[in-house]
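Below is one structure; the comments refer to it alone.
Values in this text are rule-based calculations from the coordinates and carry no lab data. Just so you know, these numbers come straight off a predicted model, no measurement behind them. Cβ atoms come from the backbone with ideal geometry, glycine included; neighbour counts cover every protein chain shown.
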2 protein chains.
Amino acid sequence: MSGKPALKRTVGADAGGNSDAGSSAAGTIAPVDDRSVAARLFAILDAFAAPAGATSRTLTLTTIAQRAGLPLSTTHRLVAEWVSWGGLSKHENGQYSLGMKLWELGVQTPTARNLRTIALPYLEDLYETTREHVHLAILDGRDALYLEKLSGHHAVRLISRVGARLPLHSTGVGLVLLAYAPTDVVQQYLAASLERFLPRTVTEPEAVRQRLAEIRLLGLARMSEEMTAGSSSIAAPIRDRTGQVVAAVSIVTRTTDTVDPEQERAVRLAAQGVSRALGYRRAQQS
Amino acid sequence: MSGKPALKRTVGADAGGNSDAGSSAAGTIAPVDDRSVAARLFAILDAFAAPAGATSRTLTLTTIAQRAGLPLSTTHRLVAEWVSWGGLSKHENGQYSLGMKLWELGVQTPTARNLRTIALPYLEDLYETTREHVHLAILDGRDALYLEKLSGHHAVRLISRVGARLPLHSTGVGLVLLAYAPTDVVQQYLAASLERFLPRTVTEPEAVRQRLAEIRLLGLARMSEEMTAGSSSIAAPIRDRTGQVVAAVSIVTRTTDTVDPEQERAVRLAAQGVSRALGYRRAQQS
DNA sequence: TAGTTGCTTCCATTCAGTGGAAGTTCTGGT
DNA sequence: ACCAGAACTTCCACTGAATGGAAGCAACTA
């Protein structure tokens, strides 16, 4: 959801003409915040998620107040509520961070929990046979949401991590998810302009559509140097018992100039394994 | 937490002799709920965590209201707030479940995230060499909280799962965590009576203390048939840069009558690997 | 068809949440 | 050591947001 601290100033000056009589007349600058208590509480948590990636695992009260667009005293009180419940925790230095309670509840979330539990053994197999980064992601809104990531010690540095959101058009899992998404989702996704991360990122809508068709044909996506320099990926769809694609697996490898059919086979196998475990029977759909 | 429900007289207020709904004679006493809005919101989430294990991935509005101890209309409104933020999601059938947003925030929780990220490669190694269930847990309150669990397809059925809480005295990781916990924690833990799960569960405080000493001496815990019939476990402590024990790794195997030194070595290695990755240098402490 | 259970909407009442301001603690500059 | 300024905590009078009883729907089922 958008950022924008939803702080609304009602400025008398505007000709806005809502003649709501009385009070808010001339020149009054009344910062009106019509968020409910709940919304304010959520805004506080959102302050921790706010800026993608690197920033801020821990925040000070003041920072939270700013990001949430709340007065300090209010923030203070609400943060205390979170802390007493365990949703936030306060450290010695006075900084706050997300609390264990959130983690505990978070891992109970059905989609994440079920998919992960079922898929993990297959992802491990895939990791063992390929020794490459292994990803599991689902489609959420306009992003690929990374549910799981396995990688060894030697691992190439990647942006992905569990819980990360990455674009659909520039990642292997993303393209697979998009390829099997309802047409209106594709439509909408391609309507907005697609960010180019590297020279090879495909951002032209028609070219993307073309690709999606190929992926459906092959049942496999191949990406190369489109998100992170030096890395390529191979991704395949995971289906549930209804035949619908609900997730995607991928491996991310260092870019080479030869295609490794063994790797592709391994990714396919993993995806099929998980699909079967989810109750998918090939027979049902072509 | 505070919160004895205070009692307040409901004003009679009955102008005309309205049927008092039979509830009671004049001067009705109604329990007043002095929880804050925040506390009520949290109570709603807690309704999903409530009964350990198997129960309820999804709940109806009424069930939530009951478990949270809130009037239906209030529940209705507050649940709607959670849904609009993404903390809960509403399914077609009208049932509610924990939402993806919670998962997303949950995995950001520093302790969980950092430990997991660092430990995972070592856990994978351990899994590969032993092919047994691999656990990673931390001490939280009076429980061992399971941060990670790896297991293959053939896996023996176990109660543990990511996010689970299991007793300290009847699990490998639990005993290790207890062995290196501050004395007052041990004191308090042993003060309460310890549940016996199987005939071999050690529940006598002095016997447990004895065991903890042995574990500290060996730097390793061995459990057998104390929580789940037919399974045994080997656990070792993970230390951070200050030398403090912050977590424990274990493998859970089918019980055999011979001790496998290779397995013990593997668990030790994994624990040491993670500790080193956390910045622990053996030199610091004996 | 009437009864039951479960969800949603409405709205007058009131009390919980609000936030400005004053008080307190921590930080770092000289 | 001393002070300035920032960051945090506490206080409390005021008010509009949250409350929950009740009535209205909707979906089952006996």
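Points worth noting:
- For region A:110-284, averaging the sequence separation of C-alpha pairs within contact (under 8 Å, six or more residues apart) and dividing by the residue count gives a relative contact order of 22 percent.
- P(r) histogram, all alpha-carbon pairs of region B:110-284 included - 10 Å bins from 0, percent: 10, 43, 37, 10, 0
- Summing Lys and Arg as +1 and Asp and Glu as -1 over all other residues whose Cβ lies under 10 Å from the Cβ of B:Val249 gives a net charge of 0.
- Mean Cβ count within 10 Å, highest first, over the residues of peptides B:176-182, A:175-181: A:175-181, B:176-182
- Pairwise label distance in nanometres, A:Arg142 with B:Glu92, each label 7 Å out on the Cα-Cβ vector: 2.8
- Across the copies of the chain, A:Glu214 has label points (7 Å from Cα along Cα→Cβ) spaced 6.3 nm apart, shortest distance listed first.
- Between copies, the label points at A:Pro199 (set 7 angstrom from Cα along Cα-to-Cβ) are spaced 7.4 nm, reported in nanometres from shortest to longest.
- Residue by residue along A:117-127, Cβ atoms of other protein chains within 10 Å of the local Cβ number 3 on average.
- For the segment A:79-87, counting C-beta atoms of other chains within 10 Å of every residue's C-beta and taking the mean gives 4.
- Counting charges near A:Glu195 (Lys, Arg +1; Asp, Glu -1) among other residues having Cβ under 14 Å from its Cβ returns a value of +1.
- Going by neighbour counts of Cβ atoms within 10 Å, the residues B:Leu72, B:Leu150 line up, fewest first, as B:Leu72, B:Leu150.
- Look at B:Glu225, A:Glu92, A:Glu204, B:Glu81 and count the other Cβ atoms within 10 Å of each Cβ; fewest to most, that gives A:Glu92, A:Glu204, B:Glu225, B:Glu81.
- On the beta carbon distance between B:Arg216 and A:His76, with R0 = 56 Å, the FRET formula returns roughly 0.85.
- Label positions at A:Arg281 and A:His154, each projected 7 Å from the Cα along the C-beta direction, are separated by 4.3 nm.
- Packing-based exposure ordering (other Cβ within 10 Å, fewest first) of B:His169, B:His91, A:His133, B:His76: B:His91, B:His76, A:His133, B:His169
- Span from the region A:80-118 Cα centroid across to the region B:191-211 one, whole angstrom: 31
- Across the identical copies, the 7 Å label point of B:Asp34, projected outward along Cα→Cβ, sits 3.4 nm from its counterparts, in ascending order.
- The mean number of partner chain beta-carbon atoms within 10 angstrom of a residue's beta-carbon across peptide A:37-46 is 5.
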